[in-house]
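Notes for the one structure printed next.
The values are calculated or read from the model by the stated rules, or taken from the named source; none is laboratory data. Please read all numbers here as calculations on a predicted model, not as lab measurements. Backbone-built Cβ (ideal geometry, glycine too); neighbour counts: all protein chains shown.
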C-alpha cells in the first residue's frame, strides 16, 4: 500500500477543527480531486482510504505528524471520507 496516497485526503484535516463536525467531502472537493489527479492516482487514494478504514490501529499521525487530531479522530475522519470518495 502506497501510504503517500493517504496523505492527500489527510491534508484536509489541517482545515478541520472538529472531526465530529466533518460530514463528508463537498462536491467542490470531489471535483478538485478529479481535476488534480489522474485515474490511477484517484484509484490509489480510494484504495488507501479503504485500507485505512480496515486498519484502525495504524499510526496515522506518522503520515502527517503536525496534525492537531488524535489517531482515533483521524480514523473517524477517514471512515466518513470513504463514503464521500466512493463516487469518484
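The residue that is surrounded by the most Cβ atoms within 10 Å (Cβ to Cβ), among those in segment 44-66 that are under 15 Å from residue 14 (Cα atoms) and under 13 Å from the mean Cα position of the chain (by Cα), is 60. Does segment 33-44 contain any residue that is modelled with pLDDT of 95 or more and not in a helix (DSSP H, G or I)? Yes, the conditions are met somewhere in segment 33-44. Consider residue 25 carefully, then state whether it is over 22 Å from residue 1 (Cα atoms) and not in a helix (DSSP H, G or I). Answer is yes for this residue.
The residues of segment 12-43 that are within 11 Å of the chain's Cα centre (by Cα) and under 17 Å from residue 70 (Cβ atoms), listed by number, are 12, 13. The set of residues in segment 12-37 that are closer than 22 Å to residue 60 by Cα and loosely packed, with under 12 Cβ neighbours inside 10 Å comprises 14, 15, 17, 18, 20, 21, 23.
When you look at residue 49, is it touching a helix residue (DSSP H, G or I) at 6+ places or on another chain (Cβ under 7 Å), over 14 Å from residue 85 (Cα atoms) and touching a residue at least 40 places away in the same chain (Cβ under 8 Å), yes or no?
no
For segment 1-46, a residue qualifies if it is more than 15 Å from residue 81 (Cα to Cα) and either touching a strand residue (DSSP E or B) at 6+ places or on another chain (Cβ under 8 Å) or touching a residue at least 60 places away in the same chain (Cβ under 8 Å) (or both), and exactly one does: 3. On the stretch given as segment 52-88, residues that are touching a helix residue (DSSP H, G or I) at 6+ places or on another chain (Cβ under 8 Å), within 14 Å of residue 7 (Cβ to Cβ), free of Cβ contacts under 8 Å to residues at least 60 places away in the same chain and part of a helix (DSSP H, G or I) total 3.
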